[in-house]
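The values are calculated or read from the model by the stated rules, or taken from the named source; none is laboratory data. No experiment lies behind these values; they were computed from the predicted model shown. Counting neighbours? That spans all protein chains shown, and the Cβs are built from the backbone with ideal geometry, glycine included. Note: areas computed on protein heavy atoms with side chains; ligands, DNA, RNA excluded. Shrake-Rupley method; radii C 1.70, N 1.55, O 1.52, S 1.80 Å.
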Amino acid sequence: TWRKEKLLILSGFNSDQFGYNFGIVPWASATDGQLDICILKKFNPIKLPWIALCLVIKKPTWIKEMELVQTDHLKIKKNAAIKFQMDGDPFPLQEDLNISMIKKSLPVLVPSF
């Protein structure tokens with residue numbers, strides 16, 4: 001489904017944490033093969049304390065300006081106004097961004113004892 005709209009933030013999660021025990025989508029899982037997408041639409045700045053409180057107490061569904069979606073792929077069409085970052089590092093968006101989840105794709109070595 002294609003959409004065109006102005007957003008404040010679009011974030012994708014494959015885990016329940018940003019770091020330091022803080023996360024926007026507490027049910028996001030690194031093992032379900034789904035990308036949890038958080039879409040935050042522009043809001044009146046007077047609502048910022050409420051939005052911050054909802055995020056701190058892990059109740060994102062209480063924020064009416066926030067939409068939460070699960071998918072295994074996402075495509076973002078290039079737009080000069082988009083500011084893109086991954087793991088906190090900024091990247092120029094040179095072309096359309098295609099994100100796909102690959103189930104069980106991280107091999108992990110565990111020493112035997």
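For segment 24-39, give me each residue that is open to solvent by less than 70 Å² (accessible area, probe 1.4 Å) and more than 10 Å from the chain's Cα centre (by Cα). Quick ask: steps written out before the conclusion?
Step one: list which residues in segment 24-39 are open to solvent by less than 70 Å² (accessible area, probe 1.4 Å), which gives 24-26, 28-29, 32-39.
P26, S29, D32, G33, Q34 - these are the residues of segment 24-39 that are open to solvent by less than 70 Å² (accessible area, probe 1.4 Å) and more than 10 Å from the chain's Cα centre (by Cα).
Examine segment 86-98 for a residue that is surrounded by 11 or more Cβ atoms within 10 Å (Cβ to Cβ) and within 13 Å of the chain's Cα centre (by Cα), and state whether such a residue exists.
no
Looking at L53, L74, which one is outside any loop (DSSP other than H, G, I, E, B), among the hydrophobic types (A, V, I, L, M, F, W, C) and at pLDDT below 90?
L74
Just one of the numbered conditions (1) touching a residue at least 24 places away in the same chain (Cβ under 8 Å); (2) open to solvent by less than 80 Å² (accessible area, probe 1.4 Å) is not true of K75; which one?
(2)
I'm checking my understanding of the structure. Among residues of segment 77-93 that are more than 17 Å from F13 (Cβ to Cβ) and part of a strand (DSSP E or B), which one is modelled with the highest pLDDT?
P90
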